[in-house]
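Where a number appears in this text, it was derived from the coordinates with a stated rule and is not lab data. Just so we're clear, the structure is a prediction, and the values are computed from it rather than from any experiment. Virtual Cβ from ideal backbone geometry, glycine too; neighbours counted across all protein chains shown.
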Amino acid sequence: MAVVSVRKSQIAALLGVDWRGEDVAVERVCRIEDAGSGALVFATDEKALAEAVASRAALILSKTGADERILLVKEPRTAFALVYARWFDRRGMAGWDANACVDERSTIGPGCELGAYAHIGAGVLLGERCVIGPRVMILPGTTLGARVRVQAGAVLGSDGFGYVRTLSGYVGFPQIGTLVIEDDVEIGANTTIDRGALGETRIGRGTKIDNLVHIGHNCRIGEDVMIAAQVGIAGSTEVGDGAILAGQVGLAEKVVIGPGVIVGAQGGVPTGKKLSGPGAVFWGTPARPIRDYLKDLAALARIRRRD
Amino acid sequence: MAVVSVRKSQIAALLGVDWRGEDVAVERVCRIEDAGSGALVFATDEKALAEAVASRAALILSKTGADERILLVKEPRTAFALVYARWFDRRGMAGWDANACVDERSTIGPGCELGAYAHIGAGVLLGERCVIGPRVMILPGTTLGARVRVQAGAVLGSDGFGYVRTLSGYVGFPQIGTLVIEDDVEIGANTTIDRGALGETRIGRGTKIDNLVHIGHNCRIGEDVMIAAQVGIAGSTEVGDGAILAGQVGLAEKVVIGPGVIVGAQGGVPTGKKLSGPGAVFWGTPARPIRDYLKDLAALARIRRRD
Amino acid sequence: MAVVSVRKSQIAALLGVDWRGEDVAVERVCRIEDAGSGALVFATDEKALAEAVASRAALILSKTGADERILLVKEPRTAFALVYARWFDRRGMAGWDANACVDERSTIGPGCELGAYAHIGAGVLLGERCVIGPRVMILPGTTLGARVRVQAGAVLGSDGFGYVRTLSGYVGFPQIGTLVIEDDVEIGANTTIDRGALGETRIGRGTKIDNLVHIGHNCRIGEDVMIAAQVGIAGSTEVGDGAILAGQVGLAEKVVIGPGVIVGAQGGVPTGKKLSGPGAVFWGTPARPIRDYLKDLAALARIRRRD
């Protein structure tokens with residue numbers, strides 16, 4: 001892999017900060033304990049800063065410090081991520097694997113990377129610079145925007161779980177709708193997202209989804225939503241922009257999660273329930289305001305001590 | 001894809017209802033808002049009916065209404081699914097993908113569809129008209145009945161999680177049994193079902209299983225059971241006919257869920273526990289009758305208000 | 001498949017017990033109800049023993065009994081597993097499938113089995129006698145010790161779920177670390193394990209992981225840990241040697257589970273929490289000592305009865 005080389009002055013310009021000393025070259029990003037020559041590191045506290053200064057790192061992102069290798073930034077961790085994203089992120093550079101399976105009736109935007117045995121079904125559209133991992137399945141009816149990243153084993157556009165009960169057993173309701181994944185969405189390994197039954201399932205711009213998540217048919221997930229691992233979202237549920245669903249959260253059918261709402265890990269929201277309030281935090285099953293949840297725990301602890 | 005064309009009279013005959021007006025042709029099923037000429041739609045309330053009548057739909061399934069495009073049926077949603085299943089469901093028509101991996105020692109029934117890189121292991125039996133999605137793995141020891149549908153990425157016949165503890169660590173208990181999937185079972189994307197350790201795991205006729213479900217070794221799942229996404233069922237557990245397990249339910253080992261029992265989302269049933277009563281609804285962890293569960297929530301809310 | 005034939009005397013020697021009667025040959029292991037000639041079975045109670053003695057089994061592992069086909073052992077189930085592991089376990093004997101995808105820059109130890117479309121990425125190291133199932137993805141940055149077994153569809157070395165929030169949305173934190181899987185680890189179907197962000201994720205020797213488990217970046221899982229199906233472990237969490245996590249347990253970020261700790265099914269451990277005490281059992285969300293958990297349930301039941 002070609003070595004990337006970036007000057008201190010370029011990094012300072014990206015971050016909008018001053019620099020001094022020698023205009024050294026940075027060739028990689030790493031942890032402080034791995035820092036050799038050419039390394040960029042970041043320090044978030046005094047201890048880390050002392051270690052960074054004692055290391056051979058070429059450049060250090062920190063809130064404080066006088067060493068001339070330090071660039072003073074407000075949020076070192078964020079600055080580190082921005083530098084990485086701008087120059088060092090290698091995802092998307094591998095082109096199409098010879099074993100990618102691309103239906104001739106699909107449309108793939110310029111600059112896409114397709115992993116080994118990635119499966120792009122008939123009629124699928126991919127925007128520019130998508131990164132599709134090995135063994136990802138993108139089934140008919142699915143459209144991806146630009147710069148969507150999907151990790152290994154994910155299934156996009158599966159049939160939803162919808163049946164009607166009859167005297168002779170369950171009969172499948174049609175699952176013939178669409179799935180739209182907007183720009184800059186990222187999707188984890190072995191996650192599954194169903195297409196709409198008749199309408200569409202939609203994942204909004206910038207939303208990030210972890211591994212082993214399930215999103216059912218006709219869901220409408222907003223922009224910049226964070227969905228941690230093993231979250232399950234049943235059919236026809238809406239999640240507003242900027243919401244955060246922690247690990248293993250379960251949302252039943254036709255739930256409405258308002259913009260900016262946070263649901264704590266393993267929380268459960270029953271069918272049809274609405275939670276709202278930007279920054280409001282809900283916890284437990286059934287999910288309730290964290291204040292109430294903590295009171296409930298305290299009450300149980302009090303009763304327990306009394307017994 | 002060839003266009004299907006079905007007459008109003010044929011649809012009325014399937015549903016066992018009268019029809020009047022012109023014997024129009026229906027060519028597709030869709031939502032009311034997408035209805036153009038040749039479309040079949042259904043309406044479940046007055047508002048939807050008004051929209052359907054105002055649309056260009058060729059035929060409307062509804063409980064009420066006088067428009068001659070309406071077929072009067074008791075359950076419009078069910079009728080719609082029945083028409084779809086009878087004439088419009090295209091699953092199963094694609095034959096064997098050139099890249100399906102079929103062991104020569106397996107037996108595949110007539111009319112099966114095998115997706116790209118579907119993997120059919122040695123000794124596997126598939127009944128007629130199964131639909132096996134891309135990248136599905138059906139491992140040795142597995143038998144499928146007729147019309148079984150398995151979505152992308154599912155793994156059928158994996159080794160169960162069984163170990164014995166010894167002074168030098170865990171040693172695997174033999175996982176050499178079988179997995180039997182009966183007729184008309186449907187299985188979601190990335191779901192995993194283990195074969196028996198020595199005996200068999202069995203999924204009964206007509207049972208429907210959603211995405212990312214885990215079913216352990218030696219489980220015995222009855223007929224027409226509904227298992228929603230991310231349910232986990234540990235080894236040697238039994239689920240009776242017609243039971244319903246909502247999303248993220250967990251059943252521990254050697255649990256017995258009686259016929260027709262309903263376990264609410266995220267409910268947990270501890271090892272060896274038996275739940276019974278057709279139509280009885282259990283909720284929470286440990287799962288208890290919904291009446292008790294609601295009382296517990298009310299008690300907590302009362303204590304909370306008092307504090 | 002070649003028939004294995006093992007003498008009663010060899011089995012007795014492995015188990016360190018006496019034998020008498022004829023030195024018969026055992027050719028397979030099975031359940032008592034399937035026992036024909038040449039079969040080895042085990043009995044854990046009087047009823048099973050009576051059935052075993054009445055069967056045509058060649059050899060019976062039991063704690064009691066006078067039949068000369070019986071080998072007297074302290075733990076029949078464990079003895080059965082040890083005999084199976086020593087002579088009858090066929091996993092690992094199939095070599096490389098012609099369709100395995102092995103990057104030329106990877107290193108595969110001697111005696112490994114690679115299933116169809118198993119994917120071994122650039123720079124990956126596999127120790128000797130690993131068994132990699134069909135469609136397993138082992139991504140760059142991953143190292144496996146000896147005798148590691150990975151079931152179908154698992155993804156090892158995926159990118160972790162780490163982002164920083166900026167005014168223009170989430171930006172990915174670098175996910176460029178490593179994943180180390182030590183000797184004798186077993187990993188279930190469709191499980192996902194992320195590599196470290198900058199450092200490493202490590203799974204200790206002898207640990208067993210079930211299906212559909214998620215392990216996040218920078219986790220440190222000890223030796224001989226049992227992790228049941230659908231457990232989710234967020235980033236930077238530590239699990240000590242010999243711990244047991246039952247099904248659907250969730251551990252948030254930076255949790256520390258001490259050696260030998262047991263967390264009951266569906267238990268949840270909040271961010272940064274430490275649980276310790278070998279053999280200590282924790283239950284519920286938030287996970288608390290089982291004694292407290294049972295008291296809480298009893299208190300709720302008491303309040304419920306009073307109402």
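Could you tell me what percent of the DSSP beta bridges with both partners in chain A are antiparallel, to the nearest 5? Present the calculation step by step, with values, prior to reporting the outcome.
Values: 8 of 69 bridges.
Within chain A, antiparallel bridges account for around 10 percent of the total.
Among the residues of C:129-136, the average count of other protein chain beta-carbon atoms within 10 Å of the residue beta-carbon is 4.
Cross-link pairs exceeding 23 Å between alpha carbons, from the set B:K47/B:K74; C:K208/C:K295; A:K208/C:K254; B:K274/C:K74: C:K208/C:K295; B:K274/C:K74. Considering only alpha-carbon pairs that sit under 8 angstrom and 6 or more positions apart, the relative contact order computed for the stretch A:6-88 is 26 percent. Look at the Cα gyration tensor of the protein assembly as shown: its axes a ≥ b ≥ c give a/c under 1.5, and that counts as rounded. Taking every DSSP bridge with both residues inside the stretch C:6-88, close to 20 percent are antiparallel. Going from the fewest other Cβ atoms within 10 Å to the most, the residues C:S106, C:S168, A:S158, C:S276 appear in the order C:S168, C:S276, C:S106, A:S158. What the phi angles of the stretch A:137-145 give under the Karplus curve with 6.51, -1.76 and 1.60, with θ = phi - 60°, is a coupling list of 10, 10, 8, x, x, 9, 10, 10, x Hz, glycine and proline written as x. Each other copy holds its own label point for B:S168; taking that point as 7 Å from Cα along Cα to Cβ, the gaps run 5.9, 5.9 nm, nearest first.
For the protein assembly as shown, give me the percentage of DSSP beta bridges that are antiparallel, rounded to the nearest 5 percent.
On the way: 24 of 207 bridges.
Antiparallel bridges make up about 10 percent of those DSSP assigns within the protein assembly as shown.
Using alpha-carbon pairs under 8 Å, 6+ residues apart, how would you state the relative contact order of the stretch B:197-260 in percent? All intermediate terms of the calculation are to be shown ahead of the outcome.
Numbers: 185 pairs, mean separation 17.8, N = 64.
It comes to 28 percent, rounded to a whole number.
Ordering A:W283, C:W87 from the fewest to the most neighbouring beta carbons within 10 Å gives C:W87, A:W283.
For the pair B:E33 and C:R302, label points projected 7 Å from Cα toward Cβ lie 5.5 nm apart. For B:T107, the label point sits 7 Å beyond Cα toward Cβ; its separations from the matching points on the remaining copies run 4.8, 4.8 nm, from shortest to longest. Can you work out the PRE-style zone for C:K274? Point 7 Å along Cα to Cβ, and I want the residues of the stretch C:225-242 with backbone N under 18 Å. The answer is C:236-242, whose backbone nitrogens lie closer than 18 Å to the label point. Taken one residue at a time, the phi angles of the stretch B:18-29 give Karplus couplings (6.51, -1.76, 1.60, θ = phi - 60°) of 7, 9, 8, x, 7, 8, 5, 9, 10, 10, 6, 10 Hz. Gly and Pro are set to x.
Hey, fewest Cβ within 10 Å first, where do B:W19, C:W96 land in order? Write down the numbers at each step before the final one.
Numbers: B:W19 21, C:W96 16.
Taking fewest neighbouring Cβ atoms as first place, the list is C:W96, B:W19.
With a 10 Å cut-off around each Cβ of A:94-106, the average count of Cβ atoms from other chains is 1. Global dimensions of chain B from alpha-carbon coordinates: Rg and Dmax equal 23.5, 81 Å.
Mind jotting down the distance between the C-alpha centroids of the stretch C:240-258 and the stretch B:234-279, whole Å? Here the two parts' Cα centres lie 25 Å apart. Of all chain A C-beta atoms, the nearest to the rotation axis linking A with B is recorded, alongside its rounded Å distance, as A:N190, 3. Counting Lys +1, Arg +1, Asp -1, Glu -1, what net charge surrounds C:A25 among other residues with beta carbon under 12 Å of its beta carbon? Local net charge: 0.
Modelled spin-label separation between C:V3 and B:A54, with each label point placed 7 Å from Cα along the Cα-to-Cβ direction: 7.8 nm.
Determine the distance separating the Cα centre of the stretch C:85-158 from the Cα centre of the stretch A:21-37; give it in Å without decimals. Rounded to whole Å, the Cα centres lie 35 Å apart.
At a threshold of 8 angstrom on Cα-Cα distance, excluding pairs fewer than six apart, so keeping six or more, what relative contact order does the stretch A:154-291 reach in percent?
On the way: 460 pairs, mean separation 20.0, N = 138.
Computed value for the stretch A:154-291: 14 percent relative contact order.
Model label points for B:R105 and A:R165, set 7 angstrom from Cα along the Cα-to-Cβ axis, are 4.4 nm apart.
Hey, got the dipole for the stretch C:52-198? About the Cα centre, +1 on K and R Cβ, -1 on D and E Cβ, debye to the nearest 20? Numbers along the way, then the final one.
Working: 15 positive and 15 negative charges, 83 e Å.
For the stretch C:52-198, the charge dipole is close to 400 debye.
Sorted shortest first, the distances from the C:R91 label point to those of the same residue in the other copies are 3.1, 3.1 nm; each point sits 7 Å from Cα along Cα-to-Cβ.
Mind checking the dipole of the protein assembly as shown: about its Cα centre, +1 per Lys or Arg Cβ, -1 per Asp or Glu Cβ, Debye to the nearest 20? Show your work: numbers first, answer last.
Values: 105 positive and 102 negative charges, 566 e Å.
Dipole size: approximately 2720 debye.
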